[in-house]
Amino acid sequence: MTASGRAACVVGWPIEHSRSPLIHNYWLKHYHIPGEYRREAVPPEQFRAFVQSLQARGYVGANVTVPHKEAALAWSQPDDRARAVGAANTLWLDGVLRSTNTDVEGFLDNLDAGAPGWDRGLRNAVVLGAGGAARAVVYGLLERGVERVVVANRTQQRAEALRERFGARVHPVHWETRNAALDDAALLVNTTTLGMAGQRDLAVEIDRLPGHALVAELVYAPLVTPLLAAARARRLCTADGLGMLLHQAVRGFLLWFGQKPEVTPELRALLEADLALPPASGPE
């Protein structure tokens, strides 16, 4: 707590690039809630001590970003979703330090908002990548009843680990065979950093997707990645990474400040304008 109300933060290393303060401080102002949301740069060796002293530091909770999401699970009491995904991104104090993973609902709610009914009868999905974000996406897809989720990753062992975690509906394939999996996919999700500013483009044969397919991207800088541009050129339905960023923030705000916020066009425009600014000098 602060003299001006409740306080929360986002914890990462590095953290300067985070847009979470822009989102939460917008909501605090919009709903006339006294409070503050800050960035906290915390190196891995100091993470445990930091989250275990959240209350002493005046915080009611925190978001957690790379590289701390697995450590956040270990040093808190996770709910079933965080435990199943194997990572936590939202912490709150309720007598004890609790955690959840809102990346799952952020991904699903973004698709629901941009492509209502996307999951009706969806049989085949392809997920590129097998890291923490991929675990949240795969968990969400299985929760929605998708019959078959193909996971392609450069390291085959990591893709195999998702099958071991989530069961027989997950089908790991070699990265080199990712394009063949697109032929009957109703959904393609990129959870890798390929296509992000400063990274190589994602090489994928978008023309192999059926005309009714939905293409989802978790990268949000740039807002329109080469993958999304190629999908839109084919007039496929798309969902960008900014939408997921906005939707994953909703439940944390509710837990900390007692108000369920809305993801509005005004808030999205604020984030889009920020993303369009030239990057600040210094580490990202």
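For the chain, modelled as a Gaussian network with Cα springs under 10 Å, which listed residue fluctuates most, Asn190, Asn124, Asn110? Taking springs between Cα atoms under 10 Å, the residue moving most is Asn124. Given the stretch 75-117 reduced to its alpha-carbon atoms as identical point scatterers, what log10 I(q)/I(0) does the Debye formula return at q = 0.14, 0.17 Å⁻¹? So the normalised log intensities work out to -0.38, -0.51. In this Cβ point-charge picture (+1 for Lys and Arg, -1 for Asp and Glu), the chain has a dipole of about 280 debye about its Cα centre. Averaging 1/r over every pair of different alpha carbons in the stretch 222-270 and inverting the result gives a Kirkwood radius of 12.5 Å.
What relative contact order, as a whole-number percentage, does the stretch 181-284 give when Cα pairs under 8 Å and 6 or more residues apart are counted? Intermediate values should be presented prior to the final figure.
On the way: 130 pairs, mean separation 22.0, N = 104.
Contact order relative to length: 21 percent.
With a simple spin-label model that places each label point 7 Å from the Cα along the Cα-to-Cβ direction, the separation between Ala273 and Asp94 comes to 3.6 nm. Reported to the nearest whole Å, the Cα centre-to-centre distance from the stretch 124-157 to the stretch 248-265 is 26. Computed over the stretch 133-257, the quotient of the alpha carbon radius of gyration and 2.2 N^0.38 Å is 1.08.
When the alpha carbon coordinates of the chain are projected onto the principal axes, the ranges are 58, 39, 37 Å, largest first. Run the paramagnetic zone check for Trp13: 7 angstrom along Cα to Cβ, then residues of the stretch 71-96 with backbone nitrogen under 14 Å. Within reach of a label on Trp13, which here means backbone N under 14 Å from a point 7 Å along Cα→Cβ, the stretch 71-96 contributes 71-72. Measuring from centroid to centroid over Cα atoms, what is the spacing of the stretch 20-47 and the stretch 176-224 in Å? So the two Cα centres are separated by 31 Å.
What's the extension gain from Arg208 to Thr155 if we count 0.36 nm per residue and subtract their Cα-Cα distance?
Numbers: separation 53, 0.36 × 53 = 19.08 nm, distance 2.33 nm.
Net length gain for the segment: 16.7 nm.
No lab work stands behind these numbers, since they all come straight from the coordinates. Remember, predicted model here, so these are calculated numbers, not experimental data. So basically every Cβ, Gly included, is an ideal-geometry build from the backbone, and we count neighbours across all protein chains shown.
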